[in-house]
Amino acid sequence: MQLFEKLIDYAQAVRLVLENTARLPVAWVPLMDARGLALAEDIAARFDSPPFDNSAVDGYAVRSADAAEAGRTFEVVDEAPAGRPARRSVGEGEAIKIFTGGVIPEGADAVVMVENTSGWGEEFELKKATTPGSNLRAAGEDVREGDIMLRAGTEIGAPEIALAATQGYGELPVYRRPRVVVLSTGTELVEPGTRDLSPGEIFDSNSFALLAQAREAGADARRLYAASDDADILKSAMEEALASADVVVTSGGVSVGEKDLVKGTLLDLGVEQVFWGIKLKPGKPVFFGTREGARFFGLPGNPVSAMVCAELFVRPALMKMMGRKDRHRPHIEVYFDEDVENKFGRMHAIRVTLNRTERGWRAESVGAQGSGLVSSLTKADALALIGPESEGVRAGEPVEAIVLREEVVLAQRPVN
Ligand code: AMP
Ligand code: MG
């Protein structure tokens, strides 16, 4: 058994994680998989878009000079549905039936809506005068050939995907998603949904929570079966995880108990320790190490500690790997209505609810802060960070908080 040598600060731990984690290589991924990733290169328009003048409505393409006044009768000489240009041009007193997206035929310089005519037929009477260019969408009015339409670093969402598709891009260059493997440790763990618990057993919740968190950050994450505390089983599970992943996240077995074999196993497997132990509550025993391209997070077993540490350390690393600028959750200033003690000598990340008041954001503890209280996290809007140097904070004093539920803050935003 080994005891913690030296605990480091939360801020130092985040810094070390980021310093030891690089952006992943650029890969071209299909549009379907690009959502949420950051563009690795500027994307230029390959051609004017739309590529040709086309109709914005269903109606008739005409020469506007013929349609300057209502009352004239036009002869319909051809049609131009979307995708099939007309075979002939529009002469004086002639019209070509056209539908939204249809190519504007030679000779025509305006489209009259069918609603402004006597209707569909071999000929029609114009009910309303038109002007040059009306109901016409000009080639290049969206983007021009050579324009940089999307900048490197942009987070790809639906509009960016649409724009790339209009230019024929089937794939986009991105920093690829990190492959994450999540692994629980503990002989007491049972797979939820498979059977009832025997005495002393509990269901594995961490690996599901950590998987969800990794996916929420945009990673390509999978779960490995929960390993027992048997050294050999643990070792082969870790080896498997390390062989295939950019990031391995374990929970449990990383403290100073006799069954806490994670750290020793990792060191045996050639993982180099960057740190072990943080002045943080919940989450003191966190281990972080590297082995070539792989990053390893050994998170504590207590469910709240595991999830809080995934938020604080794993998420920023995943975001950095994906080239995302928004690596951190929003930080805001909050206050408490009463004095809050911190006698732990470690930074206390207190689960709180947030309420907007005239004075700012009032934080209120969700109640008991035990690191096994999974239900407490379902109530928390934010983590208020107290210490480690301070013995606590006074009522009303400003406290830094990490927002977990941005929607709560947005919904209560002050209205000016
Ligand atoms: P450990 O760090 O392995 O000593 O675990 C600390 C506490 O967290 C123990 O009560 C474990 O039973 C619990 N725990 C460990 N792993 C999990 C898990 N995957 N799901 C739920 N609870 C766990
Ligand atoms: Mg354990």
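Observations on the structure shown:
- Counting residues in the range 127-144 that are part of a loop (DSSP other than H, G, I, E, B) and within 30 Å of Arg327 (Cβ to Cβ) gives zero.
- Taken together, the residues in the range 328-362 that are basic (Lys, Arg) and surrounded by fewer than 16 Cβ atoms within 10 Å (Cβ to Cβ) amount to 3.
- In this structure, Leu24 qualifies as touching a Lys or Arg at 6+ places or on another chain (Cβ under 6 Å), crowded, with 19+ Cβ neighbours inside 10 Å and either modelled with pLDDT of 95 or more or more than 30 Å from Arg346 (Cβ to Cβ) (or both).
Results for (1) at pLDDT 95 or above; (2) out of contact with any Pro (no Cβ under 9 Å at 6 or more places or on another chain); (3) within 14 Å of ligand 1 (Cβ to nearest atom), shown as yes or no for each residue.
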| site | (1), (2), (3) |
| --- | --- |
| Glu155 | no, yes, no |
| Glu160 | yes, yes, no |
| Leu163 | yes, yes, no |
| Tyr175 | yes, no, no |
| Pro178 | yes, yes, no |
| Asp204 | yes, no, yes |
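- For the range 81-109, taking the residues that are of a type in the set (Gly, Ala, Ser) and surrounded by 23 or more Cβ atoms within 10 Å (Cβ to Cβ), the one that is nearest to Thr131 (Cα to Cα) is identified as Ala108.
- Residues being over 15 Å from Thr187 (Cβ atoms) and either within 15 Å of ligand 1 (Cβ to nearest atom) or in contact (Cβ under 8 Å) with a residue 40 or more places away in the chain (or both) - total across the range 241-253: 8
- Meets criteria (farther than 30 Å from Glu389 by Cα and in a strand (DSSP E or B)) for Val90: no
- Residue match in the range 28-43 (condition: under 19 Å from Ser134 (Cβ atoms) and either in contact with a Leu (Cβ under 9 Å, 6 or more places away or on another chain) or free of Cβ contacts under 8 Å to residues at least 24 places away in the same chain (or both)): no
- Here the condition is being more than 17 Å from Ala56 (Cα to Cα) and aliphatic (A, V, I, L, M); of Ala95, Ala164, Ala86, Ala82, it holds for Ala164 alone.
- Counting the residues of the range 257-293 that are under 21 Å from Leu18 (Cβ atoms), within 15 Å of ligand 1 (Cβ to nearest atom) and part of a strand (DSSP E or B) gives 4.
- Entry remark, the range 263-286: residues being buried (at least 20 other Cβ atoms within 10 Å of the Cβ), within 16 Å of ligand 2 (Cβ to nearest atom) and farther than 30 Å from Glu389 by Cβ number 2 in total.
The values are calculated or read from the model by the stated rules, or taken from the named source; none is laboratory data. Keep in mind that what you see is a predicted model, and the values were worked out from it rather than measured. We place every Cβ from the backbone using ideal geometry, glycine too, and count neighbours over all the protein chains shown.
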